[in-house]
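Asks: There's a structure below that I have some questions on.
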Amino acid sequence: MIIIPGMRIPQVRTSFVVGVLVTCVIAVGCSSDSESANSTVPAGDCPTEAIQVVVSVDQWGDIVEQLGGDCATVTTVIESSKVDPHDYEPTTGDAAKFTDAELVVVNGMDYDPWATKIVATLNPEPPVVDAGNVAGLSDGENPHVWYGPDYVFEFASAVTAELSKLSPKAAEYFTAQADSWNTSMQPYRDQIALIKASYSGSTYAATESVFDYMAVALGLQDVTPTGFAAAAANETDPSPGDIASFDKLIKAQDADVLIYNIQTEGAIPEQIRATAEQAEVPVVAVTESVAPNASSFEQWQVDQLKALLSALKTTR
């Protein structure tokens with residue numbers, strides 16, 4: 001039996017996303033030996049008044065909180081895995097959270113357009129750190145920027161630079177916070193390096209593109225049927241031919257692992273799951289937003305990387 005850490009999260013979006021589980025996906029302690037490292041060490045008392053920061057989604061909220069420390073009051077609008085940022089309609093209360101913002105942080109790439117629209121109504125408009133822009137990505141590309149390791153660190157640098165610009169008196173404090181956060185991310189870097197060194201070239205198929213940036217960083221090869229992947233990216237139903245291609249791929253065990261976003265549901269995922277159970281293709285459960293049991297961005301990502309490593313070990 002392949003045991004992979006994961007949890008069933010309330011489903012939020014009906015999707016054609018394929019589910020695959022060879023053997024049951026069950027939770028194996030999400031505790032991580034990185035738990036002691038994922039808490040930012042206080043850099044000292046803030047020397048000035050805290051900056052008011054609003055973050056659109058929780059994938060970035062934890063990082064911003066750690067970088068800002070006591071010198072930033074951070075409000076994250078979407079903190080629940082039950083909410084789909086793609087289709088989110090902000091309430092009047094949500095819009096009000098932006099009123100006194102001195103800095104706004106968004107994912108961009110049309111992932112959270114409602115946040116950018118709210119900012120445009122403010123006078124004066126606060127500065128915005130857009131993760132997609134920082135990464136040099138364009139609208140229409142994969143919007144799951146937080147799964148790209150290089151993008152994560154580029155984003156953190158951009159946030160620290162903007163905080164220091166807004167509050168020069170706290171620049172040294174923000175530098176210390178950034179150093180502390182960077183140290184806390186070492187387990188994340190270590191897991192990436194370990195998987196890349198041992199399993200670069202391994203193949204994967206995916207129910208969605210959510211994990212693709214990480215997969216590229218790990219040196220994995222995407223063998224997801226092209227038509228199915230395109231349908232997933234456009235949030236449309238795959239054609240019968242696309243489903244048949246995926247089914248054939250799984251039966252032939254042409255993917256070493258399948259990356260499965262457990263925040264989706266639908267008849268097609270169940271169909272592929274049944275096929276996978278017979279084919280014994282290992283599945284790695286990932287989430288689009290921060291897992292409810294994760295104490296930090298780092299722990300969330302490391303737990304998933306460890307699950308991937310465990311799955312890949314069964315393929316050789």
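Asks: Under 7 Å between Cβ atoms, at least 6 apart or on separate chains: pull out the pairs that start in segment 124-141 with a residue that is farther than 15 Å from S56 by Cβ and end on any residue that is of a type in the set (A, V, I, L, M, F, W, C) and part of a loop (DSSP other than H, G, I, E, B).
Replies: Correct list of pairs: L137/M109; D139/M109; E141/M109.
Asks: Quick check: anything in segment 307-314 assigned by TED's automatic domain parsing to the domain that holds S209, under 27 Å from D150 (Cα atoms) and not in a helix (DSSP H, G or I)?
Replies: No, segment 307-314 contains no residue that is assigned by TED's automatic domain parsing to the domain that holds S209, under 27 Å from D150 (Cα atoms) and not in a helix (DSSP H, G or I).
Asks: Just one of S239, S180 is in the same structural domain as I272 (by TED's automatic domain parsing) and out of contact with any strand residue (DSSP E or B) (no Cβ under 9 Å at 6 or more places or on another chain); which is it? Steps first, please.
Replies: Numbers: S180 fails: in the same structural domain as I272 (by TED's automatic domain parsing).
From the options S239, S180, the qualifying one is S239.
Asks: Scan segment 142-191 residue by residue and report those that are closer than 23 Å to P127 by Cβ and either at pLDDT below 95 or among the aliphatic types (A, V, I, L, M) (or both).
Replies: Correct list: V145, V152, A156, A158, V159, A161, L163, L166, A170, A171, A176, A178.
Asks: How many of the residues making up segment 248-293 are assigned to a helix (DSSP H, G or I) and small (G, A, S)? Quick ask: steps written out before the conclusion?
Replies: First, the residues of segment 248-293 that are assigned to a helix (DSSP H, G or I): 248-251, 267-279.
Filter once more, keeping what is small (G, A, S): 267, 274, 276, 279.
So the answer is 4.
Asks: Within segment 38-56, which residues are modelled with pLDDT of 95 or more and closer than 22 Å to Y147 by Cβ?
Replies: V55, S56, listed by residue number.
Asks: Looking at (1) closer than 21 Å to Q304 by Cα; (2) in contact (Cβ under 8 Å) with a residue 60 or more places away in the chain, which one does L220 not meet, given that it meets all the others?
Replies: Failing condition for L220: (2).
Asks: Residue check, V257 against (1) over 26 Å from E65 (Cα atoms); (2) out of contact with any His (no Cβ under 8 Å at 6 or more places or on another chain); (3) surrounded by fewer than 23 Cβ atoms within 10 Å (Cβ to Cβ); (4) in contact (Cβ under 8 Å) with a residue 24 or more places away in the chain, all met but one. Which one?
Replies: Of (1) over 26 Å from E65 (Cα atoms); (2) out of contact with any His (no Cβ under 8 Å at 6 or more places or on another chain); (3) surrounded by fewer than 23 Cβ atoms within 10 Å (Cβ to Cβ); (4) in contact (Cβ under 8 Å) with a residue 24 or more places away in the chain, only one is false for V257: (3).
Asks: Out of E270, E280, which single residue is outside the structural domain of S56 (by TED's automatic domain parsing), surrounded by fewer than 24 Cβ atoms within 10 Å (Cβ to Cβ) and at positive phi? Please lay out each step first, then the result.
Replies: On the way: E270 fails: at positive phi.
Going through E270, E280 in turn, just one is outside the structural domain of S56 (by TED's automatic domain parsing), surrounded by fewer than 24 Cβ atoms within 10 Å (Cβ to Cβ) and at positive phi: E280.
Asks: Also, quick follow-up: Quick one: which of A178, A232, A244, A170 is surrounded by fewer than 21 Cβ atoms within 10 Å (Cβ to Cβ) and assigned to a helix (DSSP H, G or I)?
Replies: Working: A178 fails: surrounded by fewer than 21 Cβ atoms within 10 Å (Cβ to Cβ); A232 fails: surrounded by fewer than 21 Cβ atoms within 10 Å (Cβ to Cβ); A170 fails: surrounded by fewer than 21 Cβ atoms within 10 Å (Cβ to Cβ).
Of the residues listed, the single one that is surrounded by fewer than 21 Cβ atoms within 10 Å (Cβ to Cβ) and assigned to a helix (DSSP H, G or I) is A244.
Asks: List the helices (runs of 4 or more DSSP H) inside segment 58-167, counting only whole elements, that have at least 2 residues being more than 21 Å from N182 (Cβ to Cβ).
Replies: Working: elements: 58-68, 92-96, 113-120, 131-135, 149-166.
In segment 58-167, the matching helices (runs of 4 or more DSSP H) lie at 92-96, 113-120, 131-135.
Asks: Residues being out of contact with any Pro (no Cβ under 7 Å at 6 or more places or on another chain), under 22 Å from A135 (Cα atoms), aliphatic (A, V, I, L, M) and assigned to a helix (DSSP H, G or I): count how many of those fall in segment 181-213.
Replies: 1
Asks: Restricting to segment 285-316, give me the number of residues that are among the aliphatic types (A, V, I, L, M) and out of contact with any Phe, Trp or Tyr (no Cβ under 7 Å at 6 or more places or on another chain).
Replies: 5
Asks: Mind listing just one residue for me: the one in segment 286-314 that is closer than 14 Å to D256 by Cα and touching a residue at least 12 places away in the same chain (Cβ under 8 Å) and, of those, surrounded by the most Cβ atoms within 10 Å (Cβ to Cβ)? Full working, then the answer.
Replies: Filtering segment 286-314 down to residues closer than 14 Å to D256 by Cα leaves 307-314.
Cutting the leftovers down to touching a residue at least 12 places away in the same chain (Cβ under 8 Å) gives us 307-312, 314.
Values: A307: 24, L308: 28, L309: 16, S310: 17, A311: 25, L312: 20, T314: 16.
Across segment 286-314, the extreme among qualifying residues is L308.
Asks: Let me ask something else. Can you tell me which of (1) over 18 Å from the mean Cα position of the chain (by Cα); (2) buried (at least 20 other Cβ atoms within 10 Å of the Cβ); (3) assigned by TED's automatic domain parsing to the domain that holds A294 is the one A197 doesn't meet?
Replies: (2)
Asks: Every residue in segment 118-140 that is charged (D, E, K, R) and at pLDDT below 95, please. Reasoning before the result, please.
Replies: Narrowing segment 118-140 to residues charged (D, E, K, R): 125, 130, 139.
Result: D139, single match.
The values are calculated or read from the model by the stated rules, or taken from the named source; none is laboratory data. Computed from a prediction, not measured in an experiment: that's the story for all the values here. All Cβ positions, even for glycine, are placed from backbone atoms using ideal geometry, and neighbour counts span all protein chains on display.
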